[in-house]
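Engineer: Sharing a structure with you now.
The values are calculated or read from the model by the stated rules, or taken from the named source; none is laboratory data. This one's a predicted model, so the numbers in the text were calculated from it and none came from an experiment. Cβ placement follows ideal geometry from the backbone for every residue including glycine, while neighbour counts extend to all protein chains displayed.
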Number of protein chains: 2
Amino acid sequence: MPQDLSTLVGVNGAEATDSGHRSEEILGLARHAFVEKGFDGASMQDLAKAAGMSAGNFYRYFPSKAALVEALIARDLLEVEQTFRAIATSDDPLAALKATLRERVMENCQDEDPLWAEILAVAARKPDIAALLAGFEIGIVQRIVSVLGLVSQLPEEEAFRRFETHARVIVLIVRGSACGHGPCPAADSDLNELILKTIDRLIDDVLAGKDH
Amino acid sequence: MPQDLSTLVGVNGAEATDSGHRSEEILGLARHAFVEKGFDGASMQDLAKAAGMSAGNFYRYFPSKAALVEALIARDLLEVEQTFRAIATSDDPLAALKATLRERVMENCQDEDPLWAEILAVAARKPDIAALLAGFEIGIVQRIVSVLGLVSQLPEEEAFRRFETHARVIVLIVRGSACGHGPCPAADSDLNELILKTIDRLIDDVLAGKDH
């Protein structure tokens, strides 16, 4: 594990890293039980079984279903961080941001969508999960704002004031284009193109100083 | 019950109407158990209890949880039909459509949102529920297309060809602004105004013959 990655996930030394890898592996296996049976339908026993472990051993890694959801969100946030680090260090951060958003819109109907739909439903009932999810979404909004701030060479505070609302609408549209948040849209290039055009226009207008 | 309404819900005569009213009442009570325990967490026993009935009697009205979800969706579609009938017969259908969309965006964080989040999660796992939900969404898209066709005086087929994609993006944005489909957004007038501006621009552009 490279140095920066281990810092990001907050582990140090070989033992913790091994444990991190093992958690990741368990997460990948247990999520099938979540998707198949739902958050409430899947017992800790089911989750342990899906991971090929005894319930006692499983509890050592994830003491609750909420802990498992937290780990799933943390894993996704790590991916988001890596993506946005690549955008910020690219030659053309604006083009890289637009390309990333395009990729997200185009790749709707993911393997993970039923899992996210499940997490959203749980969030509507459980405030602790809702808070985790809200933090995840704010994290994405902040990273979009940072890229727009970098492109327009504005200080952080000014960038946030100017770009936050637009970034939130962009996240809302990208989220809406994913499958888990509604009936899976038919693979429709006209629809995707209009979604992307709407997003690009939001970005171009706010960078040009319109709409604020 | 007025003639047209009884036709819409597919019931005839006093007995069926009484049964319809009773179903509606049970639906209103049982949904609390869904919201509280989730689709998988709530047993038919829980649902019957929430409706103050014996399980046997409850089964007579709703033989399965899927039947209950179907009834919830049918109830909402009935509301949608009434709303769009009012839009079509108003003096200014375009203004009425925009006002309705504004209302929907502004009223985010509804009492019903956790229920919809739950239904979406179930849809990701159960194809029959997904099909019901897709039908509901197509119904809304078709009604928006009809209003735009009425405003631009185009025949139905031509209206569908020209407006369908825009109507789908509008539905996606309105859906995304609701609470049940993501972390409940803070009551934020800047956010709502930008969402509405984005929707209005989609409508105005496509009516002006741009974007197609």
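Engineer: In the set B:A208, B:A134, B:A159, which member is on the phi < 0 side of the Ramachandran plot, of a type outside the set (S, T, N, Q) and within 11 Å of chain A (Cβ to nearest Cβ)?
Structural biologist: Just a single option satisfies the conditions, and that option is B:A134.
Engineer: Is it the case that B:A167 is modelled with pLDDT of 85 or more and either of a type in the set (S, T, N, Q) or surrounded by fewer than 16 Cβ atoms within 10 Å (Cβ to Cβ) (or both)? Spell out the reasoning first.
Structural biologist: Numbers: modelled with pLDDT of 85 or more: yes; either of a type in the set (S, T, N, Q) or surrounded by fewer than 16 Cβ atoms within 10 Å (Cβ to Cβ) (or both): no.
No: the conditions fail for B:A167.
Engineer: Of the residues that sit in the range B:99-129 and are of a type in the set (G, A, S) and surrounded by 20 or more Cβ atoms within 10 Å (Cβ to Cβ), which one is nearest to A:G41 (Cα to Cα)?
Structural biologist: Initially, the range B:99-129 is screened for residues of a type in the set (G, A, S), giving B:99, B:117, B:121, B:123-124.
Then keep just the ones that are surrounded by 20 or more Cβ atoms within 10 Å (Cβ to Cβ); that gives B:117, B:121, B:123-124.
Details: B:A117: 16, B:A121: 12, B:A123: 15, B:A124: 14 Å.
Among residues in the range B:99-129 that are of a type in the set (G, A, S) and surrounded by 20 or more Cβ atoms within 10 Å (Cβ to Cβ), the one nearest to A:G41 (Cα to Cα) is B:A121.
Engineer: Inside the range B:50-64, can you point out the residues that are assigned to a helix (DSSP H, G or I) and among the hydrophobic types (A, V, I, L, M, F, W, C)?
Structural biologist: B:A50, B:A55, B:F58
Engineer: Would you say B:T165 is touching an Asp or Glu at 6+ places or on another chain (Cβ under 8 Å) and either in a helix (DSSP H, G or I) or at positive phi (or both)?
Structural biologist: yes
Engineer: Does B:A96 satisfy being within 29 Å of B:D188 (Cβ to Cβ), surrounded by 15 or more Cβ atoms within 10 Å (Cβ to Cβ) and either outside the structural domain of B:L194 (by TED's automatic domain parsing) or small (G, A, S) (or both)?
Structural biologist: yes
Engineer: Output yes when any residue across the range A:65-84 is outside any helix (DSSP H, G or I) and among the polar types (S, T, N, Q), and no when none is.
Structural biologist: No, the range A:65-84 contains no residue that is outside any helix (DSSP H, G or I) and among the polar types (S, T, N, Q).
Engineer: Right, next: Just the residues that are farther than 17 Å from A:F34 by Cα and within 9 Å of another protein chain (Cβ to nearest Cβ), please, taken from the range A:121-131.
Structural biologist: Within the range A:121-131, A:A130, A:A131 meet the criteria.
Engineer: Every residue in the range A:136-159 that is more than 20 Å from the chain's Cα centre (by Cα) and closer than 16 Å to A:A208 by Cα, please.
Structural biologist: Residues satisfying the conditions are A:G149, A:L150, A:V151, A:S152, A:Q153, A:L154, A:E158, A:A159.
Engineer: Looking only at the range B:90-107, which residues are free of Cβ contacts under 8 Å to residues at least 60 places away in the same chain and assigned to a helix (DSSP H, G or I)?
Structural biologist: Matches in the range B:90-107: B:P93, B:A95, B:A96, B:A99, B:T100, B:E103.
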